[in-house]
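What follows is a single structure, written as structure tokens, with notes after it.
The values are calculated or read from the model by the stated rules, or taken from the named source; none is laboratory data. The model shown is predicted, which means the values in this text are computed figures rather than measured ones. Heads up, the Cβs are rebuilt from the backbone with ideal geometry, glycines too, and the neighbour counts pull from every protein chain shown. Note: areas computed on protein heavy atoms with side chains; ligands, DNA, RNA excluded. Shrake-Rupley method; radii C 1.70, N 1.55, O 1.52, S 1.80 Å.
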Amino acid sequence: DPAQDRQQDSGSSGINAEYGRIEKETLRQAQNEELRKAYGTQANSFHQWLTLTKSQLTNTKQGLEEQRDLIAQRHEEIKKRRAILREIEELSSHLEQAMVFDNKYTTHSALTLAQQWDQLNEFTRRMLHTVQDQIESQSRTGVDEDELKEFTLMFKHFDKDRSGRLDHSEFKACLRALGFDLPVPAEGEHDVTFEAILDFVDCDRDGFVRLEEYMQFMISRTTDNVAGTDELTEAFQSLTEGGDKSFITATELYSAMPSEQAKYCIDRMEKFPDVPGALDYSNFTKSIFQLNTSLASC
């Protein structure tokens, strides 16, 4: 029967088409699974390398020149690894195009890995700059390498998250551990001593003290390259009208230095007795060097 034959042919065509769709879907899922595996392998390996490299950099106890060479080597390696990150980003793009957003083979996204690479690259660049500064400072000022190593180890001890920076409470704890005599202010009072230190070490007041800022501060407190009290007093005196007065005014300070520096001095200078609007630069200078002396001797 021709009609029956046509019906059978139609049924066979429908079955074949369904088999074709199933085979196509099976192939697509298999390809997606291979993509997942390839991405997972690359992403996990890259993350492991990131973690290991940062650990090697933060836990080194070598001398300064050996540290410099190691960091420089790692920095070059980090820059070369950017090519691998691009491969991971390309695999991630293929997964997105295939509408695959789950991956049981890894928990690391390409975006997170890129951010971690950027952070490691910047962290290493800063470390290299800091160690180079320490080598130059040691040569210039005669600061002992053992002292520099002690400063670095103490910083790392309080840098619990290995971020290369301390928040203000961690920084204060670090200073106390190094022997700095930081008085505990009464409730409601400003911590004048610590605020003075922060004016030096965290002048942008972003809430953190980075390793290079910390090292510059510590090195400055162990050298003798600080101008004497008389020299600074004479500098303030030269800014006064006639260059011979024992007091200075806010107007004179603002006209002679940047507004932020002038405000810093004005806020901390005592009023000069019996002269309206006058400020005592002599006692201010003495207080600065008393602070410097106490910090350097800690």
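Applying the criterion of being out of contact with any strand residue (DSSP E or B) (no Cβ under 6 Å at 6 or more places or on another chain) and outside any helix (DSSP H, G or I) to the residues of the stretch 250-274, the residue that is least open to solvent (accessible area, probe 1.4 Å) is MET257. Return yes when GLN132 is in a helix (DSSP H, G or I) and either under 22 Å from LEU52 (Cα atoms) or open to solvent by less than 40 Å² (accessible area, probe 1.4 Å) (or both) and no when it is not. Here the answer is no, as GLN132 does not meet what is asked. Report yes if some residue within the stretch 227-245 is modelled with pLDDT of 80 or more, at positive phi, assigned to a helix (DSSP H, G or I) and over 27 Å from the mean Cα position of the chain (by Cα); otherwise report no. Yes, some residue in the stretch 227-245 is modelled with pLDDT of 80 or more, at positive phi, assigned to a helix (DSSP H, G or I) and over 27 Å from the mean Cα position of the chain (by Cα). A residue that is open to solvent by 90 Å² or more (accessible area, probe 1.4 Å), hydrophobic (A, V, I, L, M, F, W, C) and part of a loop (DSSP other than H, G, I, E, B) can be found somewhere in the stretch 91-108.
Within the stretch 48-67, the set of residues being closer than 15 Å to SER163 by Cα and of a type in the set (Lys, Arg) comprises just one member, LYS54. Could we say that ILE78 is within 25 Å of LEU148 (Cβ to Cβ) and modelled with pLDDT of 90 or more here? So ILE78 passes the test.
Within the stretch 153-200, being part of a loop (DSSP other than H, G, I, E, B) and closer than 19 Å to ASN59 by Cα holds for ASP159, LYS160, ASP161, ARG162, SER163, GLY164. In this structure, TYR214 does not qualify as assigned to a helix (DSSP H, G or I) and open to solvent by 50 Å² or more (accessible area, probe 1.4 Å). Got a sec? Which of LEU111, LEU178 is open to solvent by less than 40 Å² (accessible area, probe 1.4 Å) and not aromatic (Phe, Trp, Tyr)? After applying the criteria, what remains is LEU178. Residue count for the stretch 75-112 satisfying the condition of being out of contact with any helix residue (DSSP H, G or I) (no Cβ under 6 Å at 6 or more places or on another chain) and under 29 Å from PHE158 (Cβ atoms): 2. Figure legend. Inter-residue proximity from the stretch 195-217: first residues within 16 Å of LYS156 (Cα to Cα), second residues among the acidic types (Asp, Glu) and open to solvent by less than 20 Å² (accessible area, probe 1.4 Å), beta-carbon distance below 6 Å, spacing 6+ or different chains. Indicated pairs: VAL209/ASP202.
Would you confirm whether any residue within the stretch 281-298 is farther than 23 Å from CYS203 by Cα and at pLDDT 90 or above? Looking through the stretch 281-298, none of the residues is farther than 23 Å from CYS203 by Cα and at pLDDT 90 or above. Among the residues of the stretch 246-263, the one identified as aromatic (Phe, Trp, Tyr) and within 17 Å of SER282 (Cβ to Cβ) is PHE247.
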